[in-house]
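**Q** I am attaching a structure below and will ask some questions about it afterwards.
The values are calculated or read from the model by the stated rules, or taken from the named source; none is laboratory data. Just so it is clear, the structure is predicted and the values come from calculations on it, not from any experiment. Every residue, glycine as well, gets a Cβ built from its backbone with ideal geometry; the counts of neighbours run over all protein chains shown.
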Amino acid sequence: MLGLAPLRSAPLPIRASATACGRNTSQQLANGCQLSLLAPEAAEGDTALPENMHKWRMVIAYDGTKFKGWQYQPSIPTIQYFLEDALICITKLDRKKLCLVGAGRTDTGVHAWGQVAHFTTPFSYSCLSSIHSAMNGLLPPEIRVREISAARPEFHARSSTKSKVYRYKIYNEAIMDPFHNHYAYHSAYKLNPHAMQEAANYFVGIHDFTSFANAAHNDGERRPTKKITRFDVTEMGAVLQLEVEGTGFLYRQVRNMVALLLQVGKEALPPDIVPAIIAARDRKELAKVALSAPPHGLYLMSVNYDEEILKPPEGSPPISFGRTHHLRFSWFRTVNRGLSWPASFC
């Protein structure tokens, strides 16, 4: 049976409330961007964008080790909590107006390179680089906004999703590399990647994945039928990388699929166990042979959308990918100061 690897990390301190933020951020924004203020209106719900509200898309990367997942919880260190804290401080808007929505609710300890979220404001920006810098200046170093752009009114980070790509890393050596400790699952058993790939191929297609879904408190009416377009097992030295792309995933579905592939990799189960467990449509059948894989090996790599819906509205500010700093050396200034190059430079 697959053993669980508990996270061994100190809790992340909670930041001060956004209402306690000083004036530095607003001054920083004013220096780089001019705000075009429009009449504010309350944002109602996730999908409809009220008149005179502007929508913005962010691509976010984070090390999930010290966080309690994505989902906002008051006074608990979650990714959404810190993003909202920074946005409230910068925009002076409350949570209701910002209406921050993420593409996926990653669990405690799960990482991301390409998480996507959107938020709304009752004003526009003429440029985005200053708010981008201010965001990353306020966020913990484990969270970084990689990109900010204007979004179309119909864009929705979650419901507009075309597909998602998840990656799971396994360190497959007798001794665990300490530098992979929080970022890969350690399997001291020598795994058979060819058997794992054969088993992974059975996941590809349209299936009812009830057997691979844990019950969630906020599930509501689940739609267990999902489409997996690819599931690749790649050997990269000591690291075994599992990457899956699909139209959507149920709660803990990826970690449960990985758990079964680990058992196949250990050659404790044959590859054709996969279609049998899929057909059972019963989570208890999977529980008989595998536990859920630990969260720290899992990454949300990208959230994909149709190109049309990603096109920014007409007249929008350029996309911000962050500021690149350059050190400019002035030869004229050096000569005037009477400095000369060392002989070794000539």
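**Q** Answer yes or no: is there a residue in segment 27-46 that is at pLDDT 80 or above and either at positive phi or not β-branched (V, I, T) (or both).
**A** Of all residues in segment 27-46, those at pLDDT 80 or above come to none.
Taking every residue of segment 27-46 in turn, none turns out to be at pLDDT 80 or above and either at positive phi or not β-branched (V, I, T) (or both).
**Q** Answer yes or no as to whether E173 is over 19 Å from Y299 (Cβ atoms), part of a helix (DSSP H, G or I), out of contact with any Cys (no Cβ under 8 Å at 6 or more places or on another chain) and not small (G, A, S). Break it down into steps so the answer makes sense when it comes.
**A** On the way: over 19 Å from Y299 (Cβ atoms): yes; part of a helix (DSSP H, G or I): no; out of contact with any Cys (no Cβ under 8 Å at 6 or more places or on another chain): yes; not small (G, A, S): yes.
Here the answer is no, as E173 does not meet what is asked.
**Q** Need a quick list: strands (runs of 3 or more DSSP E) entirely within segment 46-133 having at least 1 residues that are in contact (Cβ under 8 Å) with a residue 60 or more places away in the chain and within 12 Å of the chain's Cα centre (by Cα). Walk me through how you get there before you give the answer.
**A** On the way: elements: 54-62, 111-121, 123-125.
Once the strands (runs of 3 or more DSSP E) in segment 46-133 are filtered for at least 1 residues that are in contact (Cβ under 8 Å) with a residue 60 or more places away in the chain and within 12 Å of the chain's Cα centre (by Cα), what remains is 54-62, 111-121.
**Q** If the requirement is being aromatic (F, W, Y), in contact with a helix residue (DSSP H, G or I) (Cβ under 8 Å, 6 or more places away or on another chain) and surrounded by fewer than 19 Cβ atoms within 10 Å (Cβ to Cβ), which of these qualifies: Y62, Y72? Step through it out loud before you land on a result.
**A** Values: Y62 fails: surrounded by fewer than 19 Cβ atoms within 10 Å (Cβ to Cβ).
Exactly one residue qualifies, and that residue is Y72.
**Q** Continuing with this model, one more query. All but one of (1) closer than 30 Å to L298 by Cβ; (2) in contact with a Ser or Thr (Cβ under 6 Å, 6 or more places away or on another chain) hold for G137; which doesn't?
**A** Tallying (1) closer than 30 Å to L298 by Cβ; (2) in contact with a Ser or Thr (Cβ under 6 Å, 6 or more places away or on another chain), G137 fails exactly one: (2).
**Q** Another one. Out of everything in segment 292-315 that is without any contact (Cβ under 8 Å) to a residue 60 or more places away in the chain and outside any loop (DSSP other than H, G, I, E, B), what residue ends up being nearest to L260 (Cα to Cα)?
**A** At the first step, the residues of segment 292-315 found to be without any contact (Cβ under 8 Å) to a residue 60 or more places away in the chain are 307-308, 314-315.
Subset that is outside any loop (DSSP other than H, G, I, E, B): 307-308.
Details: E307: 35, E308: 37 Å.
Among those that are without any contact (Cβ under 8 Å) to a residue 60 or more places away in the chain and outside any loop (DSSP other than H, G, I, E, B), it is E307.
**Q** For segment 190-211, state whether one or more residues are assigned to a loop (DSSP other than H, G, I, E, B), within 30 Å of P317 (Cα to Cα) and of a type in the set (S, T, N, Q). Full working, then the answer.
**A** In the first step, residues of segment 190-211 are kept if they are assigned to a loop (DSSP other than H, G, I, E, B); the result is 190-192, 202-204, 209.
Retained after the next criterion (residues that are within 30 Å of P317 (Cα to Cα)): none.
No.
Let's see how each residue does on (1) part of a strand (DSSP E or B); (2) assigned by TED's automatic domain parsing to the domain that holds H111; (3) exposed (fewer than 13 other Cβ atoms within 10 Å of the Cβ):
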position: V233; (1), (2), (3): yes, no, no
position: E243; (1), (2), (3): yes, no, no
position: R255; (1), (2), (3): no, no, no
position: A259; (1), (2), (3): no, no, no
position: L269; (1), (2), (3): no, no, no
position: V274; (1), (2), (3): no, no, no
position: I278; (1), (2), (3): no, no, no
position: A290; (1), (2), (3): no, no, no
position: P318; (1), (2), (3): no, no, yes
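**Q** Look through segment 201-232, keep the residues that are closer than 23 Å to G109 by Cβ and of a type in the set (G, A, S), and return whichever of them is modelled with the lowest pLDDT.
**A** Once the filter is applied, the top-ranked residue is A216.
**Q** Can you list residue pairs whose Cβ atoms sit under 8 Å apart, with the first residue in segment 237-254 being over 17 Å from R105 (Cα atoms) and the second being of a type in the set (D, E) and outside any strand (DSSP E or B)? Count only pairs 6 or more apart in sequence or on different chains.
**A** Listed by first residue and then by second, the contacts come to A238/E173; A238/D177.
**Q** Return yes when V204 is among the β-branched types (V, I, T) and more than 17 Å from L298 (Cβ to Cβ) and no when it is not. First the steps, then the outcome.
**A** Values: among the β-branched types (V, I, T): yes; more than 17 Å from L298 (Cβ to Cβ): yes.
Answer is yes for this residue.
**Q** Return a yes/no flag: does segment 236-251 have any residue that is touching a helix residue (DSSP H, G or I) at 6+ places or on another chain (Cβ under 6 Å) and either more than 30 Å from V59 (Cβ to Cβ) or of a type in the set (F, W, Y) (or both).
**A** No, because not a single residue in segment 236-251 is touching a helix residue (DSSP H, G or I) at 6+ places or on another chain (Cβ under 6 Å) and either more than 30 Å from V59 (Cβ to Cβ) or of a type in the set (F, W, Y) (or both).
**Q** Just a yes or no: is a residue in segment 292-299 at pLDDT below 95, crowded, with 17+ Cβ neighbours inside 10 Å and over 21 Å from A174 (Cα atoms)? Steps first, answer last, please.
**A** Taking segment 292-299 and keeping what is at pLDDT below 95, we get 292.
With the extra rule that they be crowded, with 17+ Cβ neighbours inside 10 Å, the set shrinks to 292.
After this cut, where a residue has to be over 21 Å from A174 (Cα atoms) as well, the list is 292.
Within segment 292-299 (the criterion being at pLDDT below 95, crowded, with 17+ Cβ neighbours inside 10 Å and over 21 Å from A174 (Cα atoms)), the answer is yes, since at least one residue qualifies.
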